[in-house]
Amino acid sequence: AWVFSQEDFAKSISALSFGKLRASYGTTGNDQISNYLYLPLYNTSTTYLSNPSLIPLSLPNANIQWETTKKFEAALELGFLKDKVLFTAEYYNNRSDNQIGYLRVPTQSGYNSVQANLPALIENSGWEFEVNTTNISRGDWKWTTTFNITLPQNKLLKFDGIENTFSSSSYVIGQPINFTRLLHFIGVDSKTGAAQYEDINKDGIVDFNDRYVAKIGTPYYGGLGNSVSYKGFQFDIFFQFNHRFGQTNI
C-alpha cells in the first residue's frame, strides 16, 4: 500500500516556490462596423446622359449597434525548485452577443443581405497551459525551455428564431460556428463501383438534405522553444504546431 507521510508532504511543500491564483471579469465592445450604416447610403457611378449619377450602396438599419463580449478568466501559477520550473494553467470563457453580421434578404429587394446585429450568443472558451524551465544556469551558460498548448472551443449557444431565417442552413445551436456538413459514406456499390451515401431523411434520394454535422474533434495549437546563451551569444529555436480541426469520425 502507498502511504503519504507528513515528512513527504513537507518535502513537496518546500519544493513549491510560490503559488498564485488570479481571476478577472469584464465586458468589452466591438465597434468594427462602417460609419452611418443606419442611413441609406449611395455611391457615385458612371455618368448618365452626361450627368453625375448615384446608385444605392446599402440598406439602412436604424437598430444596428456594437457587439458586447463578457470575458471571464481564471489562472493558477505555480513555481517549483526555486522557480526553475514555472507552470501556469488558465481557463477563459468569452460570450459575445449582438453579433455583427449579414442577414440575408430576398433578392427582389435589390440586395442580397443587410449588415445587422444577429440575435445570437456565441461562446469561445478553452484551456491554456504553459511550462517554463531553467535547465542550466551555471557561469556564463544558460539554457531555458518553454512549452505552451491551447485547447480552444467554440459554440453557438443561442439564436432566437433561427428556424425562420436564412441562417438556419449555416448555423446549428450547440455546434461550432465553423462546423461542416458532410454526406455519410457507407461503402462502394459492388456492381457499379460507385460510392454510396446514407439517405438520412429516408426520402429515397441522397441529396443536399442528407448531410449531417461532422464531429470537429479536439482542435489545439501551441509551441516548444529553447534558448541557449553563452556570454554575449544567444541561440533560439522555436517549433509551432497546430491541429485545427482535430479528428473527424465519419
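The values are calculated or read from the model by the stated rules, or taken from the named source; none is laboratory data. The structure presented is a predicted model; accordingly, all values stated were derived computationally and were not measured. For neighbour counting, all protein chains shown are included, and Cβ atoms are generated from backbone atoms with ideal geometry for every residue, glycine included. Just so you know, the surface numbers come from the protein's heavy atoms only, side chains and all, with ligands and any DNA or RNA stripped out. Shrake-Rupley method; radii C 1.70, N 1.55, O 1.52, S 1.80 Å.
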What is the number of the single condition among (1) open to solvent by 80 Å² or more (accessible area, probe 1.4 Å); (2) within 30 Å of residue 60 (Cα to Cα) that residue 165 does not meet?
-> (1)
For residues that are of a type in the set (A, V, I, L, M, F, W, C) and within 28 Å of residue 34 (Cα to Cα), scanning just the range 69-108, find the one that is surrounded by the most Cβ atoms within 10 Å (Cβ to Cβ).
-> 100
Residue 198 versus (1) open to solvent by less than 80 Å² (accessible area, probe 1.4 Å); (2) touching a residue at least 60 places away in the same chain (Cβ under 8 Å); (3) of a type outside the set (Gly, Ala, Ser): which is the lone unmet condition?
-> (2)
Being open to solvent by less than 90 Å² (accessible area, probe 1.4 Å) and of a type outside the set (A, V, I, L, M, F, W, C) is the filter; apply it to the range 179-195 and report the residue that is nearest to residue 154 (Cα to Cα).
-> 180
Just a yes or no: is a residue in the range 125-145 surrounded by 15 or more Cβ atoms within 10 Å (Cβ to Cβ), out of contact with any Ser or Thr (no Cβ under 9 Å at 6 or more places or on another chain) and either in a strand (DSSP E or B) or without any contact (Cβ under 8 Å) to a residue 40 or more places away in the chain (or both)?
-> yes
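Could you tell me whether the range 211-218 includes any residue that is farther than 30 Å from residue 79 by Cβ and in a strand (DSSP E or B)? Steps first, answer last, please.
Applying the first criterion (farther than 30 Å from residue 79 by Cβ) to the range 211-218 yields 211-217.
Filter once more, keeping what is in a strand (DSSP E or B): 212-213.
Scanning the range 211-218 turns up at least one residue that is farther than 30 Å from residue 79 by Cβ and in a strand (DSSP E or B).
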Cross-chain or 6+ apart pairs with Cβ under 9 Å, the range 27-40 first and over 13 Å from residue 116 (Cα atoms), then in a loop (DSSP other than H, G, I, E, B) and open to solvent by less than 70 Å² (accessible area, probe 1.4 Å) | 40/59; 40/60
Would you be able to say whether some residue in the range 213-222 is at pLDDT 85 or above, open to solvent by 50 Å² or more (accessible area, probe 1.4 Å) and within 30 Å of residue 152 (Cα to Cα)?
-> yes
